[in-house]
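> Please find one structure pasted underneath; my questions will follow.
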Amino acid sequence: MATEQPPRFPAFRIIVMLVVLVNLILTIALVTQVRELQQQVSTLPPDLASKRDVAALRPLRIRQIITQNCVECHSTRRLGVTVSMEPSEVQRTVERMQTHPGANIPPGEFERITASLLVARCARCHGEETLNLMVLKTQPERLATIRRMAALPGSGVRSDQVLAIAQAFEKLMDDTDGNRAGAAKK
């Protein structure tokens, strides 16, 4: 006597169906979120930040350095003379400033001042925003840019001064990195 048992719906099938249902719900939710994200991304402007925006995050402090260390004693006209000086003359002149009574310039500032005055000759044609773009370039690109600018008529920069100006940019950029690193430690 064999009694037939009614067919049972196994618990395993119920679990599998629940897992498939949950998976389907999660897939639909994910697809919906991906579509929303695609719509948001499509509304973004093509350039989120310009080169000038990026350069402004790490500006060269040329104006600040000259203002803090030179303008108290020297007029703009007097400082303008340095634009036509040879790089070695600028360095000697800045070093000579420490012998003047009341100069009160820390010895570590002399290299920064000299570098700022050398880079300031580029300000004859370019504004601070343009000069700050130099921080985005590699050292060889900076050198090539300065050479290209020196070759232009009326630049006021000779080809034998290019290297000194490139080194001045490097000094100011290294100084900027050093100041940020020091500020981060505080």
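The values are calculated or read from the model by the stated rules, or taken from the named source; none is laboratory data. These numbers were taken from a predicted model, which means no experiment stands behind them. All Cβ positions, even for glycine, are placed from backbone atoms using ideal geometry, and neighbour counts span all protein chains on display. We work out accessible area using only protein heavy atoms, side chains counted, and drop any ligands, DNA or RNA first. Shrake-Rupley method; radii C 1.70, N 1.55, O 1.52, S 1.80 Å.
> Along the Cα→Cβ direction, 7 angstrom out, place labels at V71 and R92. What is the inter-label distance in nm?
Computed distance between label sites V71 and R92 equals 2.9 nm.
> A further question on this structure: Please state the relative contact order of the stretch 73-128 as a whole percent: Cα pairs under 8 Å, 6+ residues apart?
RCO, the stretch 73-128: 40 percent.
> Summing -39500 (n - 2.57) over the DSSP H runs of n ≥ 4 in the chain and dividing by its residue number, what mean residue ellipticity at 222 nm do you reach, to the nearest 500 deg cm²/dmol?
-19500 deg cm²/dmol
> Here's something else I'd like to know. Please give the net charge around T114, taking every other residue with its beta carbon less than 9 angstrom from that of T114, where Lys and Arg add +1 and Asp and Glu add -1.
Overall, the nearby charge balance is 0.
> Keeping all protein chains in place, calculate the accessible area per residue for the stretch 51-186 (probe 1.4 angstrom), answer in Å².
Accessible area per residue: 61 Å².
> Also: Would you tell me the accessible area of I15, worked out with a 1.4 angstrom probe on the heavy atoms of the protein chains, in Å² to the nearest 10?
Number for this one is 100 Å².
> Note down the accessible area of L136, probe 1.4 Å, to the nearest 10 Å².
80
> Of the residues P153, P59, P45, which exhibits the maximal mean-square fluctuation in a Gaussian network model of the chain defined by a 10 Å Cα contact cut-off?
Maximum among the listed residues: P45.
> Hey, in the GNM for the chain with a 10 angstrom Cα cutoff, which one of D47, D160, D174 fluctuates hardest?
So, out of D47, D160, D174, the one fluctuating most is D47.
> Quick check for me: using +1 on Lys/Arg Cβ and -1 on Asp/Glu Cβ, what's the dipole size of the chain about its Cα centre, in debye to the nearest 20? Kindly include the intermediate steps, with their values, before the conclusion.
Values: 24 positive and 18 negative charges, 31 e Å.
Here the chain has a charge dipole of around 140 debye.
> Here's a follow-up. Under a crude label model (7 Å from the Cα following the beta-carbon direction), how far is N23 from D53 in nanometres?
Reported label-point gap for N23 and D53 is 4.3 nm.
> What are the ³J(HN,Hα) couplings of the stretch 58-70, residue after residue, when phi is run through the Karplus curve with 6.51, -1.76, 1.60 and θ = phi - 60°? Round to Hz, x for glycine and proline.
Values per residue, Gly and Pro as x: 9, x, 6, 9, 4, 4, 4, 4, 5, 5, 5, 10, 10 Hz.
> P(r) for the chain, please, calculated from all Cα pair distances in 10 Å bins and given in %.
8, 25, 22, 11, 7, 7, 7, 5, 4, 3, 2, 1, 0
> Note down the magnitude of the dipole of the stretch 35-130 about its Cα centre, charges +1 on Lys and Arg C-beta and -1 on Asp and Glu C-beta and zero elsewhere, to the nearest 20 debye. Each step should come with its number before you reach the end.
Values: 13 positive and 11 negative charges, 34 e Å.
Computed about the Cα centre, the dipole is about 160 debye.
> Within the set of other residues whose C-beta is less than 14 Å from the C-beta of V83, count the net charge using Lys and Arg as +1 and Asp and Glu as -1. Intermediate results must be reported in sequence, preceding the final value.
Values: positive: R77, R78, R121, R124, R158; negative: E86, E89.
That works out to +3.
> Any idea what the relative contact order of the stretch 47-173 is, in percent, if you count C-alpha pairs under 8 Å spaced at least 6 apart? Numbers along the way, then the final one.
On the way: 110 pairs, mean separation 44.5, N = 127.
Relative contact order of the stretch 47-173: 35 percent.
> Follow-up question, since we're still on this one. Using a 1.4 angstrom probe on the protein heavy atoms only, could you order E36, E129, E170, E89 from most to least accessible area? Don't skip to the answer; put the middle values down first.
Working: E36 100, E129 120, E170 45, E89 70 Å².
Of E36, E129, E170, E89, the descending order of accessible area is E129, E36, E89, E170.
> Determine the share of the chain's accessible area contributed by carbon and sulfur atoms, expressed in whole percent, with a 1.4 angstrom probe.
On the way: 8040 of 13560 Å².
Whole-percent figure for carbon plus sulfur exposure: 59.
> By how many degrees, between 0 and 90 and to the nearest 10, does the Cα long axis of helix 87-97 differ from the longest principal axis of the chain?
It is inclined by approximately 80 degrees.
> Using alpha carbons only, how many degrees (0 to 90, rounded to 10) separate the axis of helix 162-185 from the longest principal axis of the chain?
Tilt of helix 162-185: around 50 degrees.
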